[in-house]
Amino acid sequence: MTQPHGHPLRSPRSLIWIVTLGVAILAIIVIVVPGRQLGLNWTLAYLCFAALTVFVLRHVAIEPGSWLSRRTIRRTIVALIVLACVALLAVPGNLLGASVLLVLLFIALCDVILGRATDRVAMSPVVGRLDERQHALRDRAHRIAYWILAGLIAGVVIPAYLVSGGSRAWLASTMTDGGLLAMLALIACLPPMVVAWVEPDRLPPEGTAGTVSWQGRMATAMVVISLGTPLAFATGVWFLPIHQSPLVRTAIGSAATKCAMFTRTERIGVWFSAEVPLSAEICWNGTTARESWGLNQSDCHLAAGSFVSFQTESCTRRTDPDGTLRFTYAVIVHPSLLPFLGRRMEIDLAVGPDGRAVPFQ
Amino acid sequence: MSTATWRLQPDGRAPIPWVRRGVVLLVALGWALLASPLPTSLQGAGIAVVGTMVAFTVGLDAGMGWLVFAPRAKRDERECQLRDRAFQYAFRGLALGILLQIVSHYVATIMGGASYVIPAPFAGGARGLVAVLLLLALLPTLTAAWLMPTRVGDYPEIPPVPTRRSAAIVLAGTLAAGGVIGIWLLAISALPVRTVTLSQVPAMNVASAGARCGNFSVYREVGDGLGATVALAVDVCWNRRGAWIVDPGFISPNPYAIPKQPQPTNCSVSADSTDFEMVATQVCAQQGHAGTVRMATHARVSPGLSGLFERTIKLAVVIGAKGRVIHLG
């Protein structure tokens with residue numbers, strides 16, 4: 001590969017100042033911006049950091065021997081794009097929105113990084129700055145990308161269309177949901193992915209130590225952070241502890257009515273986060289407790305969160321022979337970036353015939 | 001290097017560029033017809049369009065000495081370069097084609113007044129799918145044919161096309177088109193007809209005072225969706241006096257207008273066509289004894305070859321007086 005392209009700043013100090021300013025803005029966003037429960041501050045901070053990473057990448061040359069010039073790293077980024085496309089396929093249609101935008105942003109970031117790591121050979125104009133070898137590489141990458149795309153369409157779309165009415169309905173719903181976006185993302189990213197996959201390691205010239213400048217190291221660190229952060233937060237849904245708020249019992253009306261409102265919330269995750277609420281009014285008469293409102297099937301769709309999807313697992317209400325009212329609402333939470341990871345969240349309530357909350361069995 | 005008709009000559013020149021580019025434009029026109037949402041039906045001519053496109057494109061590839069699909073070992077360096085460059089343009093063309101298809105379907109659907117749009121390429125009918133598959137299969141050849149070097153003004157020096165080679169090109173194109181049409185005819189005539197039935201009670205969007213209503217529909221698909229689809233969809237309401245079809249064209253929707261005696265059969269005949277096949281349909285509705293209603297479709301589906309490969313499709317919905325489904329299929 002020829003000397004990598006970049007747009008070096010006049011002075012490395014400029015880069016330091018810009019990065020410092022960017023990090024300061026990030027800190028302010030995380031601390032000041034409201035909407036932490038919705039993950040808005042984290043999203044804004046991530047957007048800023050991603051933009052800063054792209055900026056730094058554009059102004060730092062990818063030197064031979066540096067981290068991004070290694071094939072293993074490039075292939076890892078290719079795998080991340082594939083993973084994100086699978087995530088797009090898995091996002092249910094009713095959740096298209098913020099989750100999808102985040103996944104698309106992640107794919108775009110990976111694409112920019114790959115482009116930088118490969119000198120944007122794949123997406124360069126037809127006539128331009130490339131030498132003969134790069135021209136050949138670009139054209140070959142497009143040929144391979146073409147066959148990969150043809151194979152995907154022939155292997156997935158044609159059988160799905162022809163096999164049965166059910167498979168065709170799956171195809172239609174997938175293409176209405178995230179499938180179309182996944183296909184467009186693949187079309188946009190496939191040639192750079194192929195170049196990144198086939199290009200060998202860019203080694204420093206023989207006899208040189210292959211030292212990497214501090215700017216290069218910083219760019220590498222920022223790439224790792226910008227790609228790793230959403231993955232780490234998404235994984236958090238899987239392993240972080242579930243926080244359950246204490247059950248709050250608020251008496252309603254006079255003592256004669258014997259009713260109370262019970263509220264409790266379960267939360268999990270940071271940024272990729274979920275919240276399962278329970279809020280119900282229950283009345284009792286000494287022999288039995290009964291639901292006034294808040295413990296019905298329609299109340300089992302109230303789970304909310306940011307960059308996660310929910311699948312209701314159970315929603316049951318029963319009255320024991322001793323008059324105790326029991327309610328269970330369980331959901332499986334899937335982070336949108338890693339939809340194949342799931343975490344069960346269950347919130348329950350048991351109220352005795354005397355109106356007191358009893359431990360759930 | 002061999003002397004294939006349109007293969008690169010030693011000086012990098014290939015003859016008759018205007019013929020190649022003309023054929024490319026013709027095939028592009030055919031693709032636009034398939035991919036466009038308008039006209040809404042190709043009047044059964046879809047397979048003829050597909051066959052023509054395949055014939056021309058395979059003829060082009062044959063003329064170029066199978067430049068696009070031949071093994072790399074059989075090509076020299078310039079031809080490999082040309083092929084890779086053709087794939088580069090083809091990839092970008094594929095992206096553009098799919099985008100165009102999506103945008104045109106969105107625009108057409110919104111202009112048509114629909115509020116819900118199904119993305120075009122794969123979720124619509126066979127026409128959109130076929131358009132994408134053709135794009136995938138034909139684009140590399142078309143771009144290679146377009147990109148092949150030309151030298152304007154040198155036509156007098158170009159040796160005439162050898163007759164035998166021209167015959168080979170025509171033969172290759174004809175065989176390819178014949179193969180595609182043959183497989184399609186086999187599919188629509190031999191594959192079992194697929195039936196889908198749907199019934200929904202209470203009905204969506206249909207109501208009648210003092211009565212219950214339901215939506216009942218049957219779909220039969222010829223050639224696994226590559227041929228025609230014949231559908232019978234009927235809304236039926238019923239009360240203690242009997243059932244009736246909610247369609248003024250056949251039987252009065254007014255329950256109090258149901259006669260004591262069964263009505264004579266009321267039929268309508270129509271000739272319709274889908275993108276790939278022609279359909280002649282006779283639909284009959286009949287008020288039976290004891291408040292039963294029956295609606296039946298008798299359709300002849302044919303590729304328009306004077307009765308050859310014609311299939312007969314019969315659909316019927318029979319609903320009892322109290323809304324019981326007696327027959328659906």
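The values are calculated or read from the model by the stated rules, or taken from the named source; none is laboratory data. As the structure is a prediction and not an experimental result, all values here were calculated from the model. Reconstructed Cβ throughout: ideal geometry from the backbone, glycine too, with neighbour counts over all protein chains shown.
Which numbered condition in (1) surrounded by 15 or more Cβ atoms within 10 Å (Cβ to Cβ); (2) out of contact with any Asp or Glu (no Cβ under 6 Å at 6 or more places or on another chain) is the only one that A:Thr328 fails?
The single condition A:Thr328 does not satisfy is (2).
State all residues of the stretch A:171-183 that are closer than 22 Å to A:Ala122 by Cβ and at the interface with chain B (Cβ under 8 Å from one of its Cβ atoms); if no residue qualifies, say none.
Step one: filter the stretch A:171-183 for residues closer than 22 Å to A:Ala122 by Cβ, giving A:181-183.
Within the stretch A:171-183, A:Met183 is the sole residue that qualifies.
If you take the residues in the stretch B:67-92 that are at the interface with another protein chain (Cβ under 10 Å from one of its Cβ atoms) and of a type in the set (Gly, Ala, Ser), which one is farthest from A:Ile187 (Cα to Cα)?
Here the answer is B:Ala86.
Report the residue count in the stretch A:306-339 for those that are touching a residue at least 40 places away in the same chain (Cβ under 8 Å) and not in a loop (DSSP other than H, G, I, E, B). So that I can check it myself, show each step before the final result.
Taking the stretch A:306-339 and keeping what is touching a residue at least 40 places away in the same chain (Cβ under 8 Å), we get A:306-309, A:325, A:327, A:329, A:331, A:333-339.
Checking the rest, the ones that are also not in a loop (DSSP other than H, G, I, E, B) come to A:306, A:308-309, A:325, A:327, A:329, A:331, A:333-335.
Matching residues across the stretch A:306-339 total 10.
For B:Thr197, state whether it is assigned to a strand (DSSP E or B), β-branched (Val, Ile, Thr) and modelled with pLDDT under 75.
Against the criterion (assigned to a strand (DSSP E or B), β-branched (Val, Ile, Thr) and modelled with pLDDT under 75), B:Thr197 does not qualify.
Does the stretch A:121-129 contain at least one residue that is more than 8 Å from chain B (Cβ to nearest Cβ), in a helix (DSSP H, G or I) and β-branched (Val, Ile, Thr)?
Our first condition is that a residue be more than 8 Å from chain B (Cβ to nearest Cβ); within the stretch A:121-129, this holds for A:121-125, A:127-129.
With in a helix (DSSP H, G or I) added as a condition, the list becomes none.
Looking through the stretch A:121-129, none of the residues is more than 8 Å from chain B (Cβ to nearest Cβ), in a helix (DSSP H, G or I) and β-branched (Val, Ile, Thr).
Filter the stretch B:73-100 for residues that are farther than 22 Å from A:Val195 by Cβ and at pLDDT 85 or above and give the result.
Within the stretch B:73-100, B:Gly97, B:Leu99, B:Leu100 meet the criteria.
Can you find a residue in the stretch B:233-245 that is more than 27 Å from B:Glu277 (Cα to Cα), basic (Lys, Arg), surrounded by fewer than 20 Cβ atoms within 10 Å (Cβ to Cβ) and at pLDDT 80 or above?
no
Give the residues of the stretch B:202-231 that are closer than 16 Å to B:Trp244 by Cα and either within 16 Å of the chain's Cα centre (by Cα) or surrounded by 14 or more Cβ atoms within 10 Å (Cβ to Cβ) (or both), sorted by residue number.
B:Ala203, B:Val206, B:Ser208, B:Ala211, B:Arg212, B:Cys213, B:Gly214, B:Asn215, B:Phe216, B:Ser217
Does A:Glu281 fit the bill of being free of Cβ contacts under 8 Å to residues at least 60 places away in the same chain and more than 25 Å from the chain's Cα centre (by Cα)?
Criteria met by A:Glu281.
Starting from the stretch B:170-184, keep only residues that are under 10 Å from B:Gly51 (Cβ atoms), then list their pairs with residues that are surrounded by fewer than 19 Cβ atoms within 10 Å (Cβ to Cβ) whose Cβ atoms are within a distance under 9 Å, requiring at least 6 positions of separation or different chains.
B:Ala177/B:Thr52; B:Ile181/B:Ala48
Name the one entry in A:Ser336, A:Ser292 that is among the small types (Gly, Ala, Ser), within 30 Å of A:Tyr46 (Cα to Cα) and modelled with pLDDT under 90.
On the way: A:Ser292 fails: within 30 Å of A:Tyr46 (Cα to Cα).
That would be A:Ser336, the only listed residue that is among the small types (Gly, Ala, Ser), within 30 Å of A:Tyr46 (Cα to Cα) and modelled with pLDDT under 90.
Conditions tested, residue by residue: (1) at the interface with chain B (Cβ under 8 Å from one of its Cβ atoms); (2) in a loop (DSSP other than H, G, I, E, B); (3) surrounded by 21 or more Cβ atoms within 10 Å (Cβ to Cβ); (4) modelled with pLDDT of 90 or more.
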{"site": "A:Ile148", "(1), (2), (3), (4)": "no, no, no, yes"}
{"site": "A:Ile153", "(1), (2), (3), (4)": "yes, no, no, no"}
{"site": "A:Val156", "(1), (2), (3), (4)": "no, no, no, no"}
{"site": "A:Gly166", "(1), (2), (3), (4)": "no, no, no, no"}
{"site": "A:Val195", "(1), (2), (3), (4)": "no, no, yes, yes"}
{"site": "A:Pro200", "(1), (2), (3), (4)": "no, yes, no, no"}
{"site": "A:Gly207", "(1), (2), (3), (4)": "no, yes, no, no"}
